[in-house]
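First the structure, in the form of structure tokens, and then the observations on it.
The values are calculated or read from the model by the stated rules, or taken from the named source; none is laboratory data. If you're wondering where the values come from, they're calculated on a predicted model, not measured in any experiment. Quick reminder, even Gly has a Cβ in these numbers, built from the backbone with ideal geometry, and neighbours come from all protein chains shown. Calculation scope for accessible area: heavy atoms of the full protein, side chains included, ligands and nucleic acids excluded. Shrake-Rupley method; radii C 1.70, N 1.55, O 1.52, S 1.80 Å.
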Amino acid sequence: MRFLIPVLFVAGSLAFADSPGDATDTPDVVAKMVQGLAASKLDHLTSKTYKDGDREFSYHLKTIDYLGTVQRDEHRYTIAAAKFLRSSAKGSAYPPARGHGFIIVFDEAFDVATHGRMDFADYYMDGHVLKVGETVVADFGSTDPVIRHHGWLLDSAFMPYPFADRISEADWQSGAFRKEP
């Protein structure tokens, strides 16, 4: 019995994944992701125009790639890679100043569940693992306590863990997640 509870917990947290080529109940997934970004109201995930002095700029979504889905705790999450550009000044001959890449996890309602800043690259899902080339970027099936608390280290910052079995700061500090059977 001592080993049954941890086994049941891990079994309930298993991840299942679908690639972007699998059949989906949401064939307008890209439109839903774009709407989810706009609805997020997060400055760095929202297209907009703005002024800096007398110069006009735009910050806009260049591309969004549907990478696949992950099923965790009976919920389906959509994984995407988005690229935003800050334009050059209106009327300027200079190329765009900079671009920003993000890995985004959407929940079932296509709200942003979590996101993290990444360089532009050709990301893809291999089962529940996000990769670039052969390098693992994030394992969405992991139940490792460190990942469940901190999230995944992307480039230089952590992308918060969005799933129901997340370990809070209070539980992390107290060690409550390490209960012995």
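Before moving on, here are some points about what is shown:
- Residue match in segment 41-52 (condition: closer than 19 Å to Met159 by Cα, exposed (fewer than 15 other Cβ atoms within 10 Å of the Cβ), at pLDDT 85 or above and aliphatic (A, V, I, L, M)): yes
- The residue pairs whose first member lies in segment 127-138 and is on the phi > 0 side of the Ramachandran plot, whose second member is open to solvent by less than 60 Å² (accessible area, probe 1.4 Å) and in a strand (DSSP E or B), and whose beta carbons are closer than 6 Å, counting only pairs six or more residues apart or on different chains, are Gly127/Ala17.
- For Pro145: the one exception among (1) over 19 Å from the mean Cα position of the chain (by Cα); (2) at negative phi: (1)
- Gly99, sole failed condition from (1) open to solvent by less than 60 Å² (accessible area, probe 1.4 Å); (2) assigned to a helix (DSSP H, G or I); (3) over 24 Å from Gln71 (Cα atoms): (2)
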